[in-house]
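The values are calculated or read from the model by the stated rules, or taken from the named source; none is laboratory data. A quick note: this is a predicted structure, and the numbers were derived from the prediction, not measured. Methodologically, a virtual Cβ is constructed for each residue, glycine included, from the backbone with ideal geometry; neighbour enumeration extends over all protein chains shown. Please note that ligands, DNA and RNA were not included when accessible areas were found on the heavy atoms of the full protein model with its side chains. Shrake-Rupley method; radii C 1.70, N 1.55, O 1.52, S 1.80 Å.
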Amino acid sequence: MSAISVGLAAGDFGGGVSGLVEPSIRGSLVVTQRAATAAVTGAVTQLGDCIKLNKLDVSNTDGQLVIALTADIPYPDQPLSVVLKQLRVDLTENVRHVLGPITRLDLRISSFSGNLPAIKPTPRVQ
């Protein structure tokens, strides 16, 4: 069983101290693989209806947090690259608050759900 070690910032204790405490003083928190997976699942759930999780793998190799997830998303009404970029930013931020920085996030979209967005017809060239 691998575990993820998370350093805690002084402000995480509600003491009102800004900045990080020296690592030798603050200690560490060991988060098991199961707890890390549950934390990432919770972070995905916080994104709401914009994503439906199908498969999730969370690993920690040499302190490197790697997340691989497969999900369904609604049909995008804007370029897919924009939707995926925002999804990555939101998910990374949610996970960072719980487990710290993510080294790698592999995001795989297995399908689109819902109705196709309305597309305005364009004039045809004759």
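Looking across the stretch 41-72, the residues that are among the acidic types (Asp, Glu) and either touching a residue at least 12 places away in the same chain (Cβ under 8 Å) or open to solvent by less than 50 Å² (accessible area, probe 1.4 Å) (or both) come down to Asp49, Asp57, Asp72. Hey, among the residues in the stretch 78-126 that are in a loop (DSSP other than H, G, I, E, B) and among the charged types (D, E, K, R), which one's least open to solvent (accessible area, probe 1.4 Å)? Here the residue is Lys120. In this structure, Ile73 does not qualify as at pLDDT 90 or above and within 20 Å of Val30 (Cα to Cα).
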